[in-house]
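The values are calculated or read from the model by the stated rules, or taken from the named source; none is laboratory data. Note that the coordinates shown come from a computational prediction; the quantities given were computed from them, not determined experimentally. Counting neighbours? That spans all protein chains shown, and the Cβs are built from the backbone with ideal geometry, glycine included. Protein only, heavy atoms only, side chains kept; ligands, DNA and RNA dropped before computing areas. Shrake-Rupley method; radii C 1.70, N 1.55, O 1.52, S 1.80 Å.
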Amino acid sequence: MSENPIISFKDFTFQYDAQKQPTLKNINLDIYPGEKILICGASGSGKSTIGNCINGLIPFSLNGRITGSLKVDGIETKDSSIFELSTRVGTVLQDPDGQFVGLTVGEDIAFALENDCVEQAEMIKQTFLAAQTVDIDRFMDHAPYDLSGGQKQRVSMAGVLVDKVKILLFDEPLANLDPATGKSAIELIDSIQQDSNTTVIIIEHRIEDALWERIDRIILVDEGVIIADMAPDKLLKSGLMKKYGIREPLYLTALEYAGCDINYVEGLESIRKLKLKENEIDKVRNWFFRQDKKEKINNNDYILEIEHLNFGYDERVQVLFGINRKIRKGEMLAIVGRNGAGKSTLCKLVCGFEKTSDGKICYKGEDITDYSIRKRAANIGYVMQNPNQMISQAMIFDEVAMGLKNSGLSEEEIKEKVYSTLKICGLHEFRNWPISALSFGQKKRVTIASILVMGPEVVILDEPTAGQDFRHYTEIMEFLKKINEEGITVIMITHDMHLMLEYTDRAMVFSDGHLIADESNAAVLCDPEIIQEASLKETSLFNVAQMCGIEDPVEFVDCFINYEKKVNGYGC
């Protein structure tokens, strides 16, 4: 490791022009060439602002006042330019739509090479190699905006990889990726870092997934202050993550529930490195055998019925093949599978955003296949994956209140409903803010609030927790569970296996337009064939069960989830 840092914050403070208080406060942080750093913190903690200072978006695109010093590769950033910094820092943004410049995937990936006047034959070669690296080469002629969220993320990553820079900055790189692709992305980032000795900075909420590969240090940020700068194992043992609203890895929580002293557990920084001693194995096994085994009771009243549903966006591309499924009233259902498998398409068909002439959709036994979007919206609410595609108002209050304007409610009643929903979604303190001042994760909560305030009988959410810290994740999910207990059916498209395990009753699993499984969540995440086919990732609880010689990992996972609900109230 070089003695000279490649990134150096010295007494660095930044305050956005629109804010009364600084977002970053007296930051002192050195990052050295070849290091791989993970930055984590609650939503609004300032972690993305740190990234934007490094890549030059602050102060050259996002205005504000800087005091102190920030040097990147020896250059004082405030005296530089966004172009000069872009030759040193490559960034994959949290919101991929904000990064596209090309009309096609190929053009977008090649953009940096075109700017550098690379010869055409060499440019085509490098562009294709970058696309192959992230498995997006089949879509070179597609428009980036027509791709799924995970595919868009891969295009953004390829656009960064094609240009040779000293620093790679990834802002929530896993937010829109299916679990297996997320795992591959972390492996790819690690491979690039190892091969090129590039400095890598990852800003991420999904700590367990980010720790799949080696991380040198974790920087924990809260309210604009660096709380901790530690090696991963030390931070996991410190209890600081839980204190500051960051989700611990599930395997760590399982060991704590079993009474293991985590201060003496080896390889705690990753499930791949975890080694359990005999006494720790005994504690886990004894804990498991003490737990009550519960049977689930199903309600047989169906609210949605999908019959023989086929769909393609054109005659050449079939997206869904013969989907037959019934969804019970009051269910909490997860829809999971690889990116582009047809999950979002199915839900758009249910809501009427897309039309099909092949198959039938029934709501409470009534055929709604030919109903308009407006007619379906009275009973079925849909929250899109990308909040920017839903937001139409400048102010938060106006966006959430918009659907109530013609409802016959008085202004005071509308205000009461909006404020109540904003409180539940953790947005009440921002009620008079402009939406433009929010982070991507906060915008996501605004769109969820705008649907929940309407009180539909079925709520469909596409990646409801993407970009959310653990506290806001829990608040939103507990609110969804609360309305679910009141009889509202909640359907969630998700790549978050923690969410799926803790909150939903079962999982519908898709792969390449086919429904390949409809089983309990634990059964899905302990089945290697389903995991492989649907690009999922086995839960680390499955790995713990195997380490401890527990014959039925599915039962172990179920016991963990039931115990967690009892201890913490999650999903209760």
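Observations, loosely collected:
- Glu256 falls short of the stated requirement of being part of a helix (DSSP H, G or I), of a type outside the set (A, V, I, L, M) and surrounded by 21 or more Cβ atoms within 10 Å (Cβ to Cβ).
- Qualifying position, being among the polar types (S, T, N, Q), in contact (Cβ under 8 Å) with a residue 12 or more places away in the chain and farther than 22 Å from Gly352 by Cβ, among Gln385, Gln393: Gln393
- Among (1) farther than 27 Å from Leu211 by Cβ; (2) touching a Pro at 6+ places or on another chain (Cβ under 8 Å); (3) open to solvent by 30 Å² or more (accessible area, probe 1.4 Å), the one test that Lys166 misses: (1)
- Residue in region 534-551 that is touching a Phe, Trp or Tyr at 6+ places or on another chain (Cβ under 8 Å) and among the polar types (S, T, N, Q) present: yes
- The set of residues from region 12-57 being of a type outside the set (S, T, N, Q), without any contact (Cβ under 8 Å) to a residue 60 or more places away in the chain and within 25 Å of Thr87 (Cα to Cα) comprises Phe12, Phe14, Asp30, Cys53, Gly56, Leu57.
- Residue in region 415-422 that is touching an Asp or Glu at 6+ places or on another chain (Cβ under 7 Å) and either among the small types (Gly, Ala, Ser) or open to solvent by 10 Å² or more (accessible area, probe 1.4 Å) (or both) present: no
- Close contacts from region 524-541, counting a first residue that is over 18 Å from Leu250 (Cβ atoms) and a second that is at pLDDT 90 or above and surrounded by fewer than 24 Cβ atoms within 10 Å (Cβ to Cβ), with Cβ to Cβ under 7 Å and a gap of 6+ residues or different chains, come to Ile530/Ile516; Ile530/Ala517; Glu533/Ser511; Glu533/Ile516; Ala534/Ser511; Ala534/Ile516.
- Each residue in region 502-534 was checked for being part of a helix (DSSP H, G or I) and either closer than 19 Å to Gly322 by Cβ or at pLDDT 95 or above (or both), and 3 pass.
- The condition of being among the hydrophobic types (A, V, I, L, M, F, W, C) and modelled with pLDDT under 90 holds for only one of Met477, Met492, that being Met477.
- Of the helices (runs of 4 or more DSSP H) that lie entirely inside region 168-248, those containing 1 or more residues that are touching a residue at least 12 places away in the same chain (Cβ under 8 Å) and more than 17 Å from the chain's Cα centre (by Cα) span 179-196, 232-238, 240-243.
- Index of the failed condition, Arg154 passing every other in (1) over 29 Å from Ile493 (Cα atoms); (2) in contact (Cβ under 8 Å) with a residue 24 or more places away in the chain; (3) not in a loop (DSSP other than H, G, I, E, B): (1)
- For region 540-562, a tally of residues being outside any helix (DSSP H, G or I) and closer than 30 Å to Lys482 by Cβ returns 0.
- Check on Ala401, under 27 Å from Leu536 (Cβ atoms) and buried (at least 20 other Cβ atoms within 10 Å of the Cβ): no
- Going through (1) of a type in the set (Lys, Arg); (2) open to solvent by 80 Å² or more (accessible area, probe 1.4 Å); (3) touching a residue at least 40 places away in the same chain (Cβ under 8 Å); (4) within 30 Å of Arg138 (Cα to Cα) one by one, Lys364 falls short only on (4).
- Val72 open to solvent by less than 10 Å² (accessible area, probe 1.4 Å) and under 30 Å from Thr13 (Cβ atoms): yes
- Pick from region 357-379, criterion part of a loop (DSSP other than H, G, I, E, B) and touching a strand residue (DSSP E or B) at 6+ places or on another chain (Cβ under 7 Å), ranking: farthest from Val458 (Cα to Cα): Asp358
- Those residues of region 157-182 which are touching a helix residue (DSSP H, G or I) at 6+ places or on another chain (Cβ under 7 Å) and charged (D, E, K, R), in sequence order: Asp163, Asp171, Asp178
- Matching residues in region 186-213 - criterion: being modelled with pLDDT under 90, among the β-branched types (Val, Ile, Thr) and either open to solvent by 30 Å² or more (accessible area, probe 1.4 Å) or closer than 18 Å to Ser43 by Cβ (or both): Ile192
- Among the residues listed as Lys537, Lys565, the single one being among the basic types (Lys, Arg) and part of a helix (DSSP H, G or I): Lys565
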